[in-house]
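Since the structure comes first, as structure tokens, the remarks are kept for the end.
The values are calculated or read from the model by the stated rules, or taken from the named source; none is laboratory data. Here the structure is a predicted model, which is why all the values come from computation and not from measurement. Because the Cβ atoms are built from the backbone with ideal geometry, glycine has one as well, and the counts that use them run over all protein chains shown. Areas reflect the complete protein model, heavy atoms only, side chains present, ligands, DNA and RNA absent. Shrake-Rupley method; radii C 1.70, N 1.55, O 1.52, S 1.80 Å.
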Amino acid sequence: MLANPLHDSLHEILQGIDNAARSAGRPSPRLLAVSKTQSATAVAKLAAAGQRAFAENYVQEAAAKRAQLAVEHPGLDLEWHLIGHLQSNKARDAADLFDWVQTVDRTRLVAALARHRDDARPPLNVLIQVNIDDEAGKHGCRPDAVATLAETIAGQPRLRLRGLMAIPAPAADPEHRRAAFAGMHACFIELQHRYPQVDTLSMGMSDDYPIAIAEGATMVRIGTALFGVRAGIGD
Ligand SMILES: *Cc1c(COP(=O)(O)O)cnc(C)c1O
């Protein structure tokens, strides 16, 4: 049997997550494996090592990868998250392909996703993407728009509001990033008070997940540290 190098990197990351959680005195967050630009074969290998939740940035890339997995690994039951910006005209495909959409940042998208989620399936899990640094030209809603958007999502029986997601500015120094994560956590706690089903704060990537965990992330999204450096496409 060939060694599976993804097995080692998965266990290294899970260890890193547990260590960060333990030293912060918080429960260990879920690991989301970011498989953008990675092959269906790499996904299957990581799944064989025990990983169940995967994330993609593009609807089309996810559709192709899932089609290939269905042929080559029938019966492989994975959970799929969309973490890339979603255009309204792709809402139908997204509602069909994914179990979670983490990038809901405007009301128009809410109605489109709800309309296209099949009644026979469980409701689509939804996170509100927040532009926590209030960067011009970045996706995500402003922190002060979360309450209204949450109310719209909660009013849709085909959607289930699960929490918040953020991608803090990459250029910011670690202390700035820590402040951004802490701001997200405050926003998350406030949302949880109003909606008891809210249980997910998705933040932290390969280079900053320990800080995100220290500030209360319940889900981290990791690509590079699991699969290795991407080829540079699809970011
Ligand atoms: C690519 C991506 C990640 C993973 O980034 P890494 O640095 O490779 O861990 C996480 N979240 C989002 C939204 C991404 O686009």
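Residue pairs whose Cβ atoms lie under 7 Å apart, sitting 6 or more positions apart in sequence or on different chains, and linking a residue in the stretch 35-50 that is within 16 Å of Ala70 (Cα to Cα) to a partner that is aliphatic (A, V, I, L, M) and part of a loop (DSSP other than H, G, I, E, B), are Ala44/Leu76; Ala47/Leu76; Ala47/Leu78. Taken together, the criteria exclude Leu10 from residues that are touching a Phe, Trp or Tyr at 6+ places or on another chain (Cβ under 9 Å) and in contact (Cβ under 8 Å) with a residue 60 or more places away in the chain. Only one of the numbered conditions (1) within 16 Å of Val198 (Cβ to Cβ); (2) out of contact with any Asp or Glu (no Cβ under 8 Å at 6 or more places or on another chain); (3) β-branched (Val, Ile, Thr); (4) open to solvent by less than 60 Å² (accessible area, probe 1.4 Å) is violated by Ile132, and that is (1). With respect to the stated conditions, Leu127 is buried (at least 18 other Cβ atoms within 10 Å of the Cβ), at pLDDT 95 or above and touching a Lys or Arg at 6+ places or on another chain (Cβ under 7 Å).
Taken over the stretch 86-96, the criterion of being assigned to a loop (DSSP other than H, G, I, E, B) and open to solvent by less than 60 Å² (accessible area, probe 1.4 Å) is satisfied by Leu86 alone.
Every condition in (1) loosely packed, with under 15 Cβ neighbours inside 10 Å; (2) touching a residue at least 24 places away in the same chain (Cβ under 8 Å); (3) touching an Asp or Glu at 6+ places or on another chain (Cβ under 7 Å) holds for Arg142 except the one numbered (2). Would you mind stating whether Met219 is touching a strand residue (DSSP E or B) at 6+ places or on another chain (Cβ under 9 Å), closer than 16 Å to Val126 by Cα, without any contact (Cβ under 8 Å) to a residue 60 or more places away in the chain and not acidic (Asp, Glu)? Spelling it out, it is not the case that Met219 is touching a strand residue (DSSP E or B) at 6+ places or on another chain (Cβ under 9 Å), closer than 16 Å to Val126 by Cα, without any contact (Cβ under 8 Å) to a residue 60 or more places away in the chain and not acidic (Asp, Glu).
A single member of Ala42, Ala64, Ala55 is buried (at least 18 other Cβ atoms within 10 Å of the Cβ), modelled with pLDDT of 95 or more and either within 17 Å of Lys90 (Cα to Cα) or touching a helix residue (DSSP H, G or I) at 6+ places or on another chain (Cβ under 7 Å) (or both), and it is Ala55. Please verify whether the stretch 64-85 includes one or more residues that are acidic (Asp, Glu) and in a loop (DSSP other than H, G, I, E, B). Checked against the condition, which is being acidic (Asp, Glu) and in a loop (DSSP other than H, G, I, E, B), the stretch 64-85 yields at least one hit. Residues that are part of a helix (DSSP H, G or I), open to solvent by 40 Å² or more (accessible area, probe 1.4 Å), in contact with a strand residue (DSSP E or B) (Cβ under 8 Å, 6 or more places away or on another chain) and over 18 Å from His81 (Cα atoms) are absent from the stretch 97-115 altogether. Apart from one condition, Ile153 fits all of (1) more than 16 Å from the ligand (Cβ to nearest atom); (2) under 15 Å from the mean Cα position of the chain (by Cα); the exception is (2). Entry remark, the stretch 22-54: residues being within 18 Å of the chain's Cα centre (by Cα) and of a type in the set (Ser, Thr, Tyr) number 3 in total. Considering the stretch 192-214, and only residues there that are over 16 Å from the mean Cα position of the chain (by Cα) and touching a residue at least 60 places away in the same chain (Cβ under 8 Å), the residue that is least open to solvent (accessible area, probe 1.4 Å) turns out to be Ala214. The residues listed here are Arg22, Arg26; of these, the one that is more than 16 Å from the ligand (Cβ to nearest atom) and touching a residue at least 60 places away in the same chain (Cβ under 8 Å) is Arg26. Just give me the residues in the stretch 28-59 being more than 15 Å from Met203 (Cα to Cα), part of a loop (DSSP other than H, G, I, E, B) and not polar (S, T, N, Q), in sequence order. Result: Lys36, Ala49, Gly50, Arg52, Tyr58.
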